[in-house]
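The next block holds one structure in the form of structure tokens; read it before the comments.
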Amino acid sequence: MSSLFAEVPPEPASDVPVRRVTINVNGEARTAVIEPRLLLAHLLRQGFGLTGTHTGCDTTNCGVCTVLFDGTPIKSCTMLAVQADGHNILTVEGLAGASELHPVQEAFKDEHGLQCGFCTPGMMLTAKAFLETNPDPTEDEVRWALSGNLCRCTGYQNIVKSVLAAAEKLRGQAGN
Amino acid sequence: MQLDEIKIGGLGASRRRVEDNRFIRGKGNYVDDIVLPGMLHMEILRSPLAHARIKSIDTTKAWAIPGVRLVMTGETMASRNLAWMPTLSYDTQAVLATDKVRFQGQEVACVIADDPYIAKDACEAIVVEYEPLPVIVNPQQALAPGAPLIRDDKENQLDNVVFDWAVGDKDGTDRAFAAADVVSKLELHYPRSHPSPLESCGSIADFDRATSKLTVYMTTQAPHIIRAAVALVAELPEHMIRIISPDLGGGFGNKVPVYPGYVASILASILLERPVKWIEDKTGNLISTGFARDIYLHGEMALRKDGKILGVRMHTDSDHGAFFSDAQPSKFKIGLMHSTFACYDIPAAHLTARGVYTNKAPGGVAYRCSFRVTEAMFFQERMVQAAADDLGIDQAEFRRINFVRDDDFPHRTAFGFLTDSGQYGKCLDVGLEAIGYQDFLRQKAEAAKQGRLLGIGISTMTEPLGAGNSREYDILGIKMFDSAELRVHMTGKAILRTGAKSQGQGHETTWAQIVAHELGIPADDVTVEEGDTDTAPFGMGTYASRSTPVAGAAVAMVSRKIRAKARKLAAHLLEVSEEDIEWELGRFYVRSSPDRGVTIQECAMAAYSNVPDGLEPGLENNAYYDPPNLTWPFACYIATVEVDPGTGVWDVLNMVAVDDCGVRINPMIVEGQIMGGLTEAYAMASMQFITFDAEGNCVGSNFMDYLLPTAWETPGFELHEVVTPCPHHPIGAKGIGECATVGGPAAFVNAVMDAIKGIGVRNIDMPLLPDRVYEALTERHDVSGAPPVKMDDR
């Protein structure tokens, strides 16, 4: 980070405590000084500019804010940013490699697994984590695994197809 | 050598979506993703009560919180003559309440602060003193003698009636009923629902004092209508207003109306001369923005013993909440309700409709629906099943007896619509074959012997999509045409802009396919842009399945204008007269010498480098398209279910959809639309509704109480197609985005009703929650879902 110029915010009111946190986001250590009440989703979006993580329902139901916390899907709209101090977070921006898309991303495009795109980052991250624990799932297992992520556009059928297609591709890669 | 149209991504190609490239990388650009320098954040304080007089508002403590820049109340708005705003249905709506609150969740005050957390804190520090008033939560209460007057702000409004409206032939319908062998009746409530896109509403208003220009980033399906509305409401010159609708996280009708939050953020930005962002939380979205449905339908059908329908009589009582803010064609007070029964040949019909105010959020938006056709077709198909049962005629056969036949088009419906094409009987046959109708009836009879309850439900309908021709369709007097502008660059690449606005429908992909079809320019060479009123041509936006029928037609027409000019350039390049030139996809050639030709790309280069005398340089144009008629897709949805008699739980065994939406531009996207629509249909039938208790508390103010189906509950769907091209659309396409939401619910409900047939239950109101089905099964009476609900029962 450049130190050429940084605007210093006005002194916080004395009764507002702040905490310094360091979170590994998409493989990069990011440090921030934050109020303890700041939600992880807001730190990622507004603090770190990673707007691929969306916020939807505020009640952990819709899953558009899903990120991977040490590899496990969590709803970042109901986790405090301070809870992520010292942990690894993967967001949609970290899903693709330097030159190529993750098979889950490719499959969502190939199988028309998205329409408005708002649920897609959370849906893909849930799928990625799921396929790491269950590389050869049945359709029912995929549907159950995705049941914490809502989609209003697709009717899920193509999302399920996308996850099954990604599973096949990942198995192919693992076999090589 | 002719171009392969599928290879260049033309008509009929299941082209992968262009917009996905950013969405799968998390690089979408939704309103909340936009950050402007110096931007402040706005929060809204909402009323906890459904009906109350405001005695006082004390904002002192809110102002005292560090980081608070502005606190606005109704008084602030009134000082700028903005306390009230016009709705899209010639009513008025409070921006911030001044006199009283009229529904739970109504906007009372706003705080603008350095960050959203401070703004929320400050909202909680505002003290409002209310004097509670009696609450009305349904039309029956609203119409009762002595009911409290909700809209006492309006002169000459002496009761809670919004409108009384009628259409059809009353005398002819009376004669049909006098001649009937049998009269079938049905009453039901189509419950209040919320479109609930996952992205809530929001805006960033950015007023620049130096240029006097107001830029507003906004979640809107109809940016040009918003620009017109802002010009009228805020009294700003229209050319100084720029509305930008960036990526939308779904819309479904929720993002058509003008909401108080938009207006408040605009005033705040004008007062503070800084960008002001307002992002609604989910509860705010669910309790205050455009609801849908909430209508009581009563009807009867005059029948001849042999199954012929002689006439239909209908009455509707619709609950519009506290402000009449439907976005719908101004001529028709209850939307296109009178498109009901359009696929059946019915000699006479009459509809009366009454709208009322209640203490609920303003409702009546077209939720994935072409203005009330969802309610119209649901009632139609529930009534058809009830009538077939009353006559003892097979439900498929009853439909076949009454369908408009293929050789009867164009057909004038009893309510005056002109349907122009379709193969209704064929669609039904395809559906029955796919579901295995006769087999299923045998299985059902077999299962009944073991006490198992199987049922099959059919829903067939044609609906009017793509409003609409300017003779009949306008919103606030603005005719419902649409537009496209196409610029072909010198290397044959192009940019297309339209007045529509995609919310996930994939316009960036499909509009380019229409250009490819008309001009032979590969779809990958065409950029599509929408949603910015400074650059896009004027259009009425995307809702009511109007994009393909209207804007899509404009894309074809502007492409043809480009082709006409390219023909002149080709004649010049080939040194022959225009009359001697023929067109094939992507290329003009000399009729007598087909080897001599020039491609569309060569014509484009000539438009900038080798223009004949007398011809204007450049290769760009625009088209405004006023459709001659609506488009009339047809759908046949068939569901089979099993009901558990011990619990009332029902499971979908199979769901088959046969859609005839004419020519399919991108079959992959069409099927995606159908599956999404079927899921919303299943949602309505099974779980999704918003109701109210007697105090007007909204039950369903978050996703824990307002149930949306997940991948786990949602059944699988089997899709089929029949293609009857639209006779008047330039490429033969019809609307499709809403057919399944419109026609689907009746298939599920009819299936459950079929499973429990014979116990004297005529109706269970949606959603068919297990407790409702169980109540019907065990107590053998109809089950109503009308509010108020008793909270202690839940």
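Descriptive notes on the structure:
- Selection status of residue B:373, modelled with pLDDT of 95 or more, of a type in the set (A, V, I, L, M, F, W, C), surrounded by fewer than 21 Cβ atoms within 10 Å (Cβ to Cβ) and closer than 23 Å to residue B:729 by Cβ: no
- Condition met for residue A:67 (at the interface with chain B (Cβ under 7 Å from one of its Cβ atoms), within 21 Å of residue A:31 (Cα to Cα) and of a type in the set (Val, Ile, Thr)): no
- Where residue B:22 falls short, out of the listed (1) of a type outside the set (Gly, Ala, Ser); (2) in a loop (DSSP other than H, G, I, E, B); (3) under 28 Å from the mean Cα position of the chain (by Cα); (4) within 14 Å of chain A (Cβ to nearest Cβ): (2)
- Selected residue [more than 7 Å from chain B (Cβ to nearest Cβ) and within 25 Å of residue B:252 (Cβ to Cβ)] from A:57, A:77: A:77
- Scanning segment B:22-41 for residues that are of a type in the set (Phe, Trp, Tyr) and in contact with an Asp or Glu (Cβ under 6 Å, 6 or more places away or on another chain) yields a total of 1.
- The residue that is nearest to the other protein chains (Cβ to nearest Cβ), counting only those in segment B:77-90 that are surrounded by fewer than 21 Cβ atoms within 10 Å (Cβ to Cβ) and hydroxyl-bearing (Ser, Thr, Tyr), is B:87.
- Among the residues listed as B:54, B:44, B:65, the single one being assigned to a strand (DSSP E or B), among the hydrophobic types (A, V, I, L, M, F, W, C) and out of contact with any Leu (no Cβ under 9 Å at 6 or more places or on another chain): B:54
- Checking each residue in segment B:614-646 for being among the hydrophobic types (A, V, I, L, M, F, W, C) and farther than 30 Å from residue B:490 by Cα picks out B:630, B:632, B:634, B:635, B:636, B:638, B:639, B:641, B:643.
- Among the conditions (1) more than 14 Å from chain A (Cβ to nearest Cβ); (2) small (Gly, Ala, Ser); (3) in contact (Cβ under 8 Å) with a residue 60 or more places away in the chain; (4) in a helix (DSSP H, G or I), residue B:311 misses just one, which is (4).
- Any hit, segment B:726-741, residues being under 30 Å from residue B:392 (Cβ atoms), assigned to a loop (DSSP other than H, G, I, E, B) and either in the same structural domain as residue B:458 (by TED's automatic domain parsing) or at pLDDT 95 or above (or both): no
- Among residues of segment B:675-710, those that are in contact with a Cys (Cβ under 7 Å, 6 or more places away or on another chain), at the interface with chain A (Cβ under 10 Å from one of its Cβ atoms) and either crowded, with 24+ Cβ neighbours inside 10 Å or among the small types (Gly, Ala, Ser) (or both), counted: 2
- Inside segment B:231-243, residues that are closer than 24 Å to residue B:366 by Cβ and assigned to a strand (DSSP E or B) make up a count of 1.
- Residue in segment B:276-294 that is surrounded by fewer than 24 Cβ atoms within 10 Å (Cβ to Cβ), more than 28 Å from residue B:101 (Cβ to Cβ) and not aromatic (Phe, Trp, Tyr) present: no
- Of everything in segment B:36-67 that is more than 38 Å from the chain's Cα centre (by Cα) and among the hydrophobic types (A, V, I, L, M, F, W, C), the residue that is surrounded by the fewest Cβ atoms within 10 Å (Cβ to Cβ) is B:64.
- Failed criterion for residue B:713 (all others in (1) in contact (Cβ under 8 Å) with a residue 12 or more places away in the chain; (2) surrounded by fewer than 24 Cβ atoms within 10 Å (Cβ to Cβ); (3) under 29 Å from residue B:510 (Cβ atoms); (4) at the interface with another protein chain (Cβ under 9 Å from one of its Cβ atoms) hold): (3)
- Taking the conditions (1) more than 13 Å from chain A (Cβ to nearest Cβ); (2) in a loop (DSSP other than H, G, I, E, B); (3) in contact with a strand residue (DSSP E or B) (Cβ under 7 Å, 6 or more places away or on another chain) in turn, residue B:7 satisfies each one other than (3).
- Once segment B:471-488 is narrowed to residues that are at pLDDT 90 or above and small (Gly, Ala, Ser), the residue that is nearest to the chain's Cα centre (by Cα) is B:483.
- Of the residues making up segment B:314-343, those that are modelled with pLDDT of 95 or more and either part of a helix (DSSP H, G or I) or charged (D, E, K, R) (or both) are B:317, B:319, B:337, B:338, B:339.
- Residue check for residue A:72: hydroxyl-bearing (Ser, Thr, Tyr), farther than 17 Å from residue B:200 by Cβ and within 13 Å of the chain's Cα centre (by Cα): yes
Let's see how each residue does on (1) more than 30 Å from residue B:327 (Cα to Cα); (2) surrounded by fewer than 24 Cβ atoms within 10 Å (Cβ to Cβ):
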site	(1), (2)
B:546	no, no
B:558	no, no
B:562	yes, no
B:575	yes, yes
B:589	yes, yes
B:599	yes, yes
B:614	yes, yes
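Each row is one residue, and each column tells you yes or no for (1) more than 17 Å from the chain's Cα centre (by Cα); (2) more than 14 Å from chain A (Cβ to nearest Cβ); (3) closer than 30 Å to residue B:376 by Cα; (4) assigned to a helix (DSSP H, G or I).
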{"residue": "B:198", "(1), (2), (3), (4)": "no, no, yes, no"}
{"residue": "B:221", "(1), (2), (3), (4)": "no, no, yes, no"}
{"residue": "B:229", "(1), (2), (3), (4)": "yes, yes, yes, yes"}
{"residue": "B:254", "(1), (2), (3), (4)": "no, no, yes, no"}
{"residue": "B:257", "(1), (2), (3), (4)": "no, yes, yes, no"}
{"residue": "B:261", "(1), (2), (3), (4)": "yes, yes, no, yes"}
{"residue": "B:306", "(1), (2), (3), (4)": "yes, yes, yes, no"}
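- Only residues that are away from chain B (no Cβ under 11 Å), assigned to a loop (DSSP other than H, G, I, E, B) and farther than 14 Å from residue A:84 by Cβ were counted in segment A:21-54, giving 1.
- Within segment B:655-704, the set of residues being closer than 19 Å to residue B:426 by Cβ and among the small types (Gly, Ala, Ser) comprises B:657, B:662.
- Pairs are defined by a Cβ separation below 6 Å, a sequence spacing of at least 6 or placement on different chains, a first member in segment B:633-650 that is among the aromatic types (Phe, Trp, Tyr), and a second member that is not in a strand (DSSP E or B); the pairs so defined are B:634/B:422; B:634/B:424; B:634/B:427; B:637/B:743; B:637/B:744; B:637/B:747; B:650/B:752.
- Any hit, segment A:3-18, residues being more than 8 Å from chain B (Cβ to nearest Cβ) and either touching a residue at least 40 places away in the same chain (Cβ under 8 Å) or under 30 Å from residue B:672 (Cα atoms) (or both): no
Residue-wise test of (1) in a helix (DSSP H, G or I); (2) over 19 Å from residue B:50 (Cα atoms).
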residue: B:111; (1), (2): no, yes
residue: B:122; (1), (2): yes, yes
residue: B:128; (1), (2): no, no
residue: B:135; (1), (2): no, no
residue: B:146; (1), (2): no, no
residue: B:151; (1), (2): no, no
residue: B:157; (1), (2): no, yes
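The values are calculated or read from the model by the stated rules, or taken from the named source; none is laboratory data. Keep in mind that what you see is a predicted model, and the values were worked out from it rather than measured. We place every Cβ from the backbone using ideal geometry, glycine too, and count neighbours over all the protein chains shown.
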